[in-house]
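*Asks:* The structure follows.
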Amino acid sequence: MRNVSLVMAMSIGLFVTTTGTFNAQRHEDDKRYWKVRKEADKERDKYYKERNKERDKYYKEAYKERKEYYKEGHKHGFPRWAEVHRYDSRHHVYFRDYNTFYDPYRRGYVFQDRGRWRFSPEVPSFLVGIDLGRVQIRIIKDIPISRHPEDFYYDYEEDYWD
């Protein structure tokens, strides 16, 4: 029993003396570590500022180009009425009063002409003088965007569209 307690006391003493030397050595390493860390943080912050500045510049220029591209009269531009209705071209739109769809997949309008569905990449002639930003619309989320909305017109009850 005496040998066991002697061995325990020696191992505890050895542990205490070795951790003390390690701690003293670590303290010097800590100073060096924090100095290097501080410099690295400065470098990282500088990098992020520069990157954000470049990104902001890119987005500003891209926005200008997009705005220029989609000016009024551009053949494949974003419709003028879309911004008023906060429309993002992920779904079909139905203009209730005019029995007309906007199909973003084909970038055009689908309307009935003498009982048949017609497609036009331009605004149909009967909608030319109308401010489409002020008319009631219905955004159709349950028809896949790659499908033609007129194919589903008769599947719904009349009350759905009106």
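*Asks:* Would you mind checking which residues have amide H under 5 Å from GLY108's amide H? H placed 1.01 Å from N; only 5 or more apart, or other chain.
*Replies:* Sorted by chain and number, the residues that satisfy this are ASP103.
*Asks:* A further question follows. So if the hydrodynamic radius of region 80-161 is defined as the Kirkwood radius over C-alpha pairs, what does Stokes-Einstein give as its diffusion coefficient at 4 °C and 1.567 mPa s, in µm² per second? Write out the running numbers ahead of the final one.
*Replies:* Values: Rh = 13.0 Å.
The calculation lands on 100 µm²/s.
Every number in this text was worked out from the coordinates using simple rules, so none of it is lab data. Fair warning: this is a prediction, and the values are worked out from it, not measured in the lab.
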